[in-house]
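Report on the structure given below.
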Amino acid sequence: LYLESGSLINVSDLWSAFNAILNDDGDGDEAQMMALFQRSLAELKYMGFIKSSRKKADHVAKVTWKGL
């Protein structure tokens, strides 16, 4: 989803894709999955791949160069 999106990524769509991939059997704990997702977003922000968007509150902006 990161590669397919434009300069802004909807966090809700990112959560849906993350949850669908990691929770494919349907018996995962929702709180644990949300914690993993938030940790993943924090790591992407720490590595400089995303930042908070000023245009839309529910989106994050890509920071890295094109083609990654």
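The values are calculated or read from the model by the stated rules, or taken from the named source; none is laboratory data. Since we're looking at a predicted model, the values are computed, not measured. Every residue, glycine among them, receives a Cβ derived from its backbone with ideal geometry; neighbour counts consider all protein chains shown. Heads up: the accessible areas ignore ligands, DNA and RNA and are worked out on the full protein's heavy atoms, side chains in. Shrake-Rupley method; radii C 1.70, N 1.55, O 1.52, S 1.80 Å.
Inspect region 35-43 for any residue being without any contact (Cβ under 8 Å) to a residue 24 or more places away in the chain, outside any helix (DSSP H, G or I), of a type outside the set (D, E, K, R) and exposed (fewer than 13 other Cβ atoms within 10 Å of the Cβ) and give the result as yes or no. Scanning region 35-43 turns up no residue that is without any contact (Cβ under 8 Å) to a residue 24 or more places away in the chain, outside any helix (DSSP H, G or I), of a type outside the set (D, E, K, R) and exposed (fewer than 13 other Cβ atoms within 10 Å of the Cβ). Scanning region 6-26 for residues that are assigned to a loop (DSSP other than H, G, I, E, B), under 19 Å from residue 38 (Cα atoms) and open to solvent by less than 70 Å² (accessible area, probe 1.4 Å) gives a single hit, 23. Identify all residues within region 15-39 that are closer than 15 Å to residue 59 by Cα and in contact with a Phe, Trp or Tyr (Cβ under 8 Å, 6 or more places away or on another chain); write none if there are none. Listed by number, the residues that qualify are 15, 37.
When region 11-61 is limited to residues that are among the basic types (Lys, Arg) and modelled with pLDDT under 85, the one that is nearest to residue 1 (Cα to Cα) turns out to be 56.
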